[in-house]
Amino acid sequence: MTGSADLVIVANRLPVDQVRSATGEVAWQRSPGGLVSALEPVMRQRDGAWIGWPGVAEDEVGSYDPFTEDGLTLVPVGLSGAEIEEFYEGFCNATLWPLYHDVVAPPEFHREWWDAYVRVNRRFADRAAEIAAPGATVWVHDYQLQLVPQMLREMRPDVAIGFFLHIPFPPSELFMQVPWRKEILEGMLGADLVGFQVSGAAANFVRLTRSLVGLRTHRDMVMTQDRRSVRATAYPISIDVQHFEKLAGSESVIARAAQIRRSLGDPERILLGIDRLDYTKGILPRLRAYSELVAEGEFRIGETVFVQVATPSRERVQQYQVLRNQVDQFVGRVNGDLGALGRPAISYLHSSFPQHEMAALYRAADIMVVTPFRDGMNLVAKEYVACRLNDDGALVLSEFAGASEELSRAWLINPYDINGMKSTILAASRADPKDTTRRMKALRRTLRDNDVAQWATNFLTALEEMRQLQ
Ligand code: F6P
């Protein structure tokens, strides 16, 4: 069976999550994460179909009818409660996620989680095979769906298949821990084009196809056993720069930014962190560095405030619960020890905000502090840069975020080096405004050269070239 969609996006989540009100009415709300914010504008431009999970457990996991929401054609794939535990929370987020992020938390390996991963990947592949028109382009996304390209190719050899990994791809020393390492590589090799955030990740992948699968490779090309060429290249993802610029320049965002500043007591300096509450993001060392600077008198309460927004994420996974407790405790202690009446050292918000509010926060913040231990890209860093319409503001950025390769004029830090982080935050806050402007101008130029539309065009053009080559 073939369908009618010429472009099919396959991602674990739909761009919207299903939410039920107390009265049982169904509503849709934007789903979390960088993948959705990057892909949504691409889809609006190209009029394709988006296959994904609506974020809730279903009693029946079969096929659901496609529907249109806010102008997008969405094709839901159901997951049962057990599959959410074993596939999403288990294999995706307690095995692959920590493993691919430098094992900053220990990955767990369970055979039944792997079985669920195979089963759910098969369901997504089946749905893509049904929806795709003859000769369509199918673009599969991220670590949750690494087996889909090969499964889909077996059913639909007529379609062009692209795969993009949004998170890091680890070096061989770590990847080799996975009991199903060969199956995962073979799954990804079902694509014609495999995209990564940075060239080091693409090189890791190519090396593994040689050493583990025994394939011939030449630069970024891998020759498969069925005589296809698969290209593995870096395509650094980006944001809709114009959209953020417009938002940041709107009267309501400007007014809200001023209001945020006032409500924080009109401090001289606002530092800002915005992250999913995830142990890869380096939230604790960042807050530790800041609180030591306050304790040492480098920053004074009332003059400086740190706003930390932590978006709830994967709340049923144990490591995330542990982190939440650690952050809650740490913030409580710092505010108890260092804060003043009505003037906390850290203004901490455990919630998610709409883009409008994020843009206001970006506008209000003098220093954005982004300190992941490892991050595929980090779009928050790019959003901050896009919103600095006056070329001011400092970006402090971890060298372990993919974004640091492009945004090399940021104030780069190593999140494992607390003293280094402290001195860089201080340097950024005391820099000559001319230097700050020079840096921000350069960052904004870099960002404008590669926005998300450019990223999608680069990937899809290269995929088309691969189709011609096969
Ligand atoms: O960008 C990485 C990513 O895991 C996406 O695949 C995902 O949509 C996003 O972060 C948010 O994570 P989750 O879907 O688990 O809430």
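The values are calculated or read from the model by the stated rules, or taken from the named source; none is laboratory data. Since the model is a prediction, treat every value here as computed from it, not as a measurement. We place every Cβ from the backbone using ideal geometry, glycine too, and count neighbours over all the protein chains shown. Remember, those area values only see protein heavy atoms, side chains included, never the ligands or the DNA or RNA. Shrake-Rupley method; radii C 1.70, N 1.55, O 1.52, S 1.80 Å.
Under the condition of being in contact with a helix residue (DSSP H, G or I) (Cβ under 6 Å, 6 or more places away or on another chain) and either basic (K, R) or open to solvent by 10 Å² or more (accessible area, probe 1.4 Å) (or both), the residues counted in segment 355-381 number 3. Would you mind stating whether V19 is without any contact (Cβ under 8 Å) to a residue 40 or more places away in the chain and either touching a helix residue (DSSP H, G or I) at 6+ places or on another chain (Cβ under 6 Å) or within 16 Å of the ligand (Cβ to nearest atom) (or both)? Here the answer is yes, as V19 does meet what is asked. Of the residues making up segment 59-72, those that are within 26 Å of the chain's Cα centre (by Cα) and either closer than 14 Å to R123 by Cβ or surrounded by 18 or more Cβ atoms within 10 Å (Cβ to Cβ) (or both) number 1. Pairs linking a residue in segment 81-93 that is in contact (Cβ under 8 Å) with a residue 12 or more places away in the chain and within 9 Å of the ligand (Cβ to nearest atom) to a residue that is part of a helix (DSSP H, G or I) and of a type outside the set (A, V, I, L, M), with Cβ atoms under 6 Å and 6 or more positions apart or on different chains, are C92/Q144. Checking R119, R127 one by one, the residue that is part of a helix (DSSP H, G or I), buried (at least 20 other Cβ atoms within 10 Å of the Cβ) and more than 15 Å from the ligand (Cβ to nearest atom) is R127 and no other. For the structure I just gave you, tell me whether T280 is crowded, with 22+ Cβ neighbours inside 10 Å, modelled with pLDDT of 95 or more, within 16 Å of the ligand (Cβ to nearest atom) and among the β-branched types (V, I, T). So T280 fits the description; yes.
Taken together, W97, W53 contain a single residue that is open to solvent by less than 40 Å² (accessible area, probe 1.4 Å), within 14 Å of the ligand (Cβ to nearest atom) and in contact with a Lys or Arg (Cβ under 6 Å, 6 or more places away or on another chain), which is W53.
Let's see how each residue does on (1) touching a Pro at 6+ places or on another chain (Cβ under 7 Å); (2) part of a strand (DSSP E or B); (3) modelled with pLDDT of 95 or more; (4) not basic (K, R):
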{"site": "A201", "(1), (2), (3), (4)": "yes, no, yes, yes"}
{"site": "V206", "(1), (2), (3), (4)": "no, no, yes, yes"}
{"site": "I260", "(1), (2), (3), (4)": "no, no, yes, yes"}
{"site": "D266", "(1), (2), (3), (4)": "no, no, yes, yes"}
{"site": "I274", "(1), (2), (3), (4)": "no, yes, yes, yes"}
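For segment 69-99, the set of residues classified as among the polar types (S, T, N, Q) and in contact with a strand residue (DSSP E or B) (Cβ under 7 Å, 6 or more places away or on another chain) consists of T73, S80, listed by residue number. Among the conditions (1) open to solvent by 30 Å² or more (accessible area, probe 1.4 Å); (2) in a loop (DSSP other than H, G, I, E, B); (3) within 16 Å of the ligand (Cβ to nearest atom), P106 misses just one, which is (3).
Among the residues making up segment 143-167, those that are open to solvent by less than 10 Å² (accessible area, probe 1.4 Å), within 14 Å of L185 (Cα to Cα) and either in contact (Cβ under 8 Å) with a residue 60 or more places away in the chain or near the ligand (Cβ under 9 Å from one of its atoms) (or both) are Y143, L145, V148, F164, L165.
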